[in-house]
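Structure first, then comments.
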2 protein chains.
Amino acid sequence: MASPVGTPAGLPTRMSADARRAQLIEVGWELLQSRPIHEMPLDEVAAAAGISRTLLFHYFPTKADFYLAVVATMGERLLRPPRIPAGAAPVERIRALVDGFVRLVERNRLSYTALVRGAGGGDQRVVDLIASTRDALVPRWLDAAGRENASALTRLALRGWLVGMEETVIAWDPQSVPRDELVNHLTASFLTELELAEGRH
Amino acid sequence: MASPVGTPAGLPTRMSADARRAQLIEVGWELLQSRPIHEMPLDEVAAAAGISRTLLFHYFPTKADFYLAVVATMGERLLRPPRIPAGAAPVERIRALVDGFVRLVERNRLSYTALVRGAGGGDQRVVDLIASTRDALVPRWLDAAGRENASALTRLALRGWLVGMEETVIAWDPQSVPRDELVNHLTASFLTELELAEGRH
DNA sequence: AGCGTGTGTTGACAGATGCTCAACGACACG
DNA sequence: CGTGTCGTTGAGCATCTGTCAACACACGCT
């Protein structure tokens, strides 16, 4: 067995509770990127961390809890809101958000898909987590566009638009569509969709 | 145990191979609507069908194979293309497609979400199946809009749009957004998105 | 220093589930 | 009536999740 992840050289096994938790989440995250959750035995997580399986259950009562913790932690880390130019026009601010997301996927394609893949994993709490994460995104984008008090239709439509954008960027092949073209289109698409939804509320 | 599903009264156990396969898929489909795949033990499927677990493995070599068969069969049944008015204008034809999908979700919300939920189930073949099903949808919508030879960006954008629409309709709450408003918006949104994508290819 | 308490840690065990194997039995056909 | 094909099954194996009781190391108290 290779030396445990997150420990200097396999020697020290005893850790503080917080450090252990963090390490386990880190290890789980590594493994999750190469295989879906139900193909990831806790045995392997424990082995990769250099501890016994039992200890894992000491920190996370069930496998689902562990999975939820991993997804929640990494979701926060990945979706940390990008900086948007404060004084710029709405177009530029939206473009910044789009560009930020495209860059996110470019850099972490594997991680990101692994994260979203979890939505179907089956655990209701994970589904809810992803749903609420998406919900939280809508006001942020609305804010960047300089809108407030959006109608129900607007919020619904933008939520759908965001999911569509996710899919678009993930399915995007840089060889057939240049990056600029993608970002331009998505930016214009968002603003158009917003106007359309607001125009008839 | 209740009388097996798909048999007259629990009496006859022996069936033709095709009938048995169909019955098992039907049973699996019923159970899939109330819980995700990995919470559906094959024991229960077998019990619900009134057969032994072993027989299930006789027809489907692995659980994943069984699941794939269920998703494929039901996907075809659900996504049977709706009739679109032949001579009508593109707007009306797109509206017909949108309306058809909304109705589909209205009638089979549970089934539909159960089906898509499988995307994350982890089996690569199921993921591919759903992806290719979505891909196949793009030309159909393009066709209804009277477009051909779409650019790569157009196809990519519309694929994303379709996924966004899926999400929108599933998340739609009829109490806060009237049905007409939803259909109108989605119809206009599609056409706008199409124009936008084509305008700069 | 000695000792006890808290807590990180573990091996052994139990229950569930995917999957295999060898055999049984009913129906068709010569 | 014999024979073989094929639907069917019970028993068994391997893997994985989750439990339990006990061990060991650190720290506070006298």
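The values are calculated or read from the model by the stated rules, or taken from the named source; none is laboratory data. Since this is a predicted model, take the numbers as computed values, not measurements. Please note: Cβ atoms are built from the backbone with ideal geometry, for glycine as well, and neighbour counts cover all protein chains shown. These accessible areas exclude ligands, DNA and RNA; they are computed on the full protein's heavy atoms, side chains included. Shrake-Rupley method; radii C 1.70, N 1.55, O 1.52, S 1.80 Å.
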Relative packing of B:142-152, A:150-160, which averages over residues the other C-beta atoms within 10 Å, highest first: A:150-160, B:142-152
Cα gyration tensor category, rounded, prolate or oblate, for the range A:65-190 with a/c compared to 1.5: oblate
Average Cα contact separation per residue, chain B, under 8 Å, 6 or more apart, as relative contact order %: 20
Accessible carbon and sulfur surface of the range B:73-201 relative to its total accessible area, %, 1.4 Å: 50
Rounded to whole Hz, the Karplus (6.51, -1.76, 1.60) HN-Hα couplings of the range A:107-114, x for glycine and proline: 7, 10, 3, 4, 4, 5, 5, 4
Inter-chain Cβ neighbour average for residues A:35-41, partner chain, 10 Å: 3
Karplus (6.51, -1.76, 1.60) ³J(HN,Hα), θ = phi - 60°, over the range A:35-46, in Hz, Gly and Pro reported as x: 8, x, 4, 6, 9, 10, x, 5, 3, 5, 4, 4
Crossing angle, helix B:152-171 versus chain B [Cα axis fit, 0-90 degrees, rounded to tens]: 60
Average accessible area per residue (Å²) across chain A - probe 1.4 Å, nucleic acids and ligands excluded: 49
Unit charges on C-beta of K, R, D, E only; dipole of the protein assembly as shown, Debye: 480
Shielding score for A:150-163, defined as the mean number of other chain Cβ atoms within 10 Å: 6
Global form of the range A:17-75, assessed from the alpha-carbon gyration tensor, a/c cut-off 1.5: rounded
Inter-copy separations for A:Pro85, label at 7 Å along Cα-Cβ, nm, ascending: 4.6
Positive-pole candidate from A:Ala64, A:Ala197, A:His185, dipole of the range A:55-201, charges at beta carbon: A:Ala64
Cα-based Kirkwood hydrodynamic radius, the protein assembly as shown, one decimal, Å: 23.5
Alpha-carbon centroids, the range A:157-201 and the range B:23-93: separation in whole Å: 32
B:Arg83/A:Ala19 FRET efficiency (R0 56 Å; Cβ-Cβ; nearest 0.05): 0.35
Acute angle (nearest 10 degrees) that the helix B:179-198 long axis makes with the longest principal axis of chain B, alpha-carbon atoms: 60
Length added when fully stretched, B:Arg53-B:Arg147, from 0.36 nm per residue minus Cα-Cα: 28.8 nm
Rounded to the nearest 20 debye, dipole of the range A:81-201 from Cβ charges on Lys, Arg, Asp, Glu: 260
Tilt relative to chain A, helix A:63-78 - C-alpha long axis, 0 to 90 degrees, to 10: 50
Dipole moment magnitude, nearest 20 debye, the range A:133-201 about Cα centre, only Lys, Arg, Asp, Glu C-beta charged: 220
Inter-site label distance for B:Arg103 and B:Asp65 at 7 Å from Cα along Cβ, in nm: 3.9
Buried area at the A-B interface (accessible, heavy atoms, 1.4 Å probe, summed, Å²): 2800
